[in-house]
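Just below is one structure, and these are the notes that go with it.
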């Protein structure tokens, strides 16, 4: 019987194999291939004296945030944010969801084997039972034979969507790191400006007391007193403004860094006096090759969405071809439950099915047009992401050189104004200058120091912008 069964099945198996090979050549699945992109080999606006790697070769990968941030308390805040931030947790769950959907699409390409048991009872017109039939065995139900690449295209689309979500999750993490650093810089900038304002208020209060004393002795005028009073009130306005900015920056940092029930954990103390703020963030290498931008998470996510849209075209094209499915069962059947597994009750069934679309009122054609339009949109968004990345890097590099020059000049201006204020105070004590001259020198020194502090933190913000523009890590 075995030989007779083999002789019967062999021609059918050969025929099915030949048909599978023939139809397999009609697959509508097209693997994604990255288009050639004309990228410049280097940044046109990169300063020639920018930092390089220790070997003298331009860095070829984004800088990890653990190396970028050189301040341990700030590193602790970033780690807390990565653990507790709601955006980061949401992105992780979305990535896990799309990964599971991809695994489902992969599983659909293979037959699902299941155990099946069935009892069938038939009756006559009087309602009396006439016959029973029992079946038990292994079953493959409606397994689609993917001759035209529909399931493969769906699986590839799901895989690309998962990879896009993984890059989106990485982009959220990079953005979160940058957001925490930016909020922390705002806090430290507000602390520094508040300290300048407090010193200015103290100086103007002392000057006002001195002017009032001189006014009582007739050596100062009412105009000098009003001028001193106006400068004091201006310093108090600046102090109140910096206190408000400090609170707002703290609120932003606390929201990013984690649970709001413990805001003290997200309230950084001012930097110790004498700390070199510019050493807190590592300069980003300006010799990065332009291909590094293709590794930016937002660019990678856009490219994976393009790959998913390309795969959906294969799904739309496969809709024009027959969908062939197969149901098979191997088991035992009997009219008596006791004889279900007796000898001679075993058998098998094979039921292929093909559905060929004939008339759908243009639904399949519209589906293909929509898929092609989606692919074109995804390609434009991908190119748009690359253009945005190049612009952000160029902007950060262009600002870098000018900010450094402005910072150096402002530092020299502040030192000169401070020396002028000190000299005016000594000359006033000797009676060689006026109180108005001293007040003007103090006002100029205060304004120059404020601007110098702001430019120092602007340099740090520029480093942060360059870190984020090159993709971070």
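The values are calculated or read from the model by the stated rules, or taken from the named source; none is laboratory data. This is a predicted model, so every value here is computed, not measured. Here Cβ is always computed from backbone atoms with ideal geometry, including for glycine, and neighbour counts include all displayed protein chains.
Can you tell me which residue among 223, 213 is surrounded by fewer than 17 Cβ atoms within 10 Å (Cβ to Cβ) and within 12 Å of residue 436 (Cα to Cα)? Going through 223, 213 in turn, the sole match is 223. One residue stands out among those in the stretch 73-87 that are part of a helix (DSSP H, G or I) and over 18 Å from residue 467 (Cβ atoms): the one that is farthest from the chain's Cα centre (by Cα), which is 73. Only residues that are surrounded by fewer than 18 Cβ atoms within 10 Å (Cβ to Cβ), touching a residue at least 40 places away in the same chain (Cβ under 8 Å) and in contact with a strand residue (DSSP E or B) (Cβ under 7 Å, 6 or more places away or on another chain) were counted in the stretch 59-110, giving 1. Selection of first residues in the stretch 214-236 that are touching a residue at least 40 places away in the same chain (Cβ under 8 Å) and on the phi < 0 side of the Ramachandran plot and of second residues that are surrounded by 13 or more Cβ atoms within 10 Å (Cβ to Cβ) and part of a loop (DSSP other than H, G, I, E, B), restricted to Cβ pairs under 8 Å at least 6 apart or on distinct chains, gives the following pairs, ordered by first then second residue: 214/220; 224/434.
Screening residue 294 with (1) modelled with pLDDT of 90 or more; (2) in contact with a helix residue (DSSP H, G or I) (Cβ under 8 Å, 6 or more places away or on another chain) gives one miss only, at (1). Checked against (1) buried (at least 22 other Cβ atoms within 10 Å of the Cβ); (2) modelled with pLDDT of 90 or more; (3) within 30 Å of residue 93 (Cβ to Cβ), residue 189 passes all but a single condition, namely (3). Quick one: is residue 168 modelled with pLDDT of 80 or more, touching a helix residue (DSSP H, G or I) at 6+ places or on another chain (Cβ under 9 Å), in a helix (DSSP H, G or I) and under 24 Å from residue 254 (Cβ atoms)? Here the answer is no, as residue 168 does not meet what is asked.
Evaluating residue 247 against the criteria (1) touching a residue at least 60 places away in the same chain (Cβ under 8 Å); (2) more than 21 Å from residue 84 (Cβ to Cβ); (3) part of a helix (DSSP H, G or I) leaves one unmet condition, (1). Kindly evaluate residue 234 against the criterion of being at pLDDT below 90 and either surrounded by fewer than 16 Cβ atoms within 10 Å (Cβ to Cβ) or within 25 Å of residue 445 (Cα to Cα) (or both). Here the answer is yes, as residue 234 does meet what is asked. Based on what the data block shows, is residue 428 over 24 Å from residue 281 (Cβ atoms), surrounded by 14 or more Cβ atoms within 10 Å (Cβ to Cβ) and over 29 Å from the mean Cα position of the chain (by Cα)? For residue 428, the condition - over 24 Å from residue 281 (Cβ atoms), surrounded by 14 or more Cβ atoms within 10 Å (Cβ to Cβ) and over 29 Å from the mean Cα position of the chain (by Cα) - is met. Only residues that are at pLDDT 70 or above and either surrounded by 13 or more Cβ atoms within 10 Å (Cβ to Cβ) or over 22 Å from residue 142 (Cβ atoms) (or both) were counted in the stretch 332-348, giving 2.
Going by the structure shown, is residue 153 in contact with a helix residue (DSSP H, G or I) (Cβ under 7 Å, 6 or more places away or on another chain), modelled with pLDDT under 90, assigned to a helix (DSSP H, G or I) and under 30 Å from residue 32 (Cβ atoms)? When the stated conditions are applied, residue 153 passes them. The residue that is nearest to residue 315 (Cα to Cα), among those in the stretch 349-368 that are loosely packed, with under 12 Cβ neighbours inside 10 Å and out of contact with any strand residue (DSSP E or B) (no Cβ under 6 Å at 6 or more places or on another chain), is 363. Among the residues examined, residue 444 qualifies as free of Cβ contacts under 8 Å to residues at least 60 places away in the same chain and either crowded, with 17+ Cβ neighbours inside 10 Å or outside any helix (DSSP H, G or I) (or both).
Filter the stretch 390-405 down to the residues that are surrounded by fewer than 16 Cβ atoms within 10 Å (Cβ to Cβ) and free of Cβ contacts under 8 Å to residues at least 60 places away in the same chain, then identify the one that is nearest to the chain's Cα centre (by Cα). Filtering the stretch 390-405 for residues that are surrounded by fewer than 16 Cβ atoms within 10 Å (Cβ to Cβ) and free of Cβ contacts under 8 Å to residues at least 60 places away in the same chain, the one nearest to the chain's Cα centre (by Cα) comes out as 391.
Among the residues of this structure, residue 367 counts as one that is under 30 Å from residue 140 (Cβ atoms) and in contact with a helix residue (DSSP H, G or I) (Cβ under 6 Å, 6 or more places away or on another chain).
Hey, can you tell me all the residues within the stretch 371-389 that are modelled with pLDDT of 90 or more and loosely packed, with under 13 Cβ neighbours inside 10 Å? Once the filter is applied, which keeps residues that are modelled with pLDDT of 90 or more and loosely packed, with under 13 Cβ neighbours inside 10 Å, the stretch 371-389 yields 373, 376, 380, 384. Could you check the stretch 255-279 and list, in sequence order, the residues that are crowded, with 20+ Cβ neighbours inside 10 Å and modelled with pLDDT of 85 or more? Hit for the stretch 255-279 is 256, nothing else.
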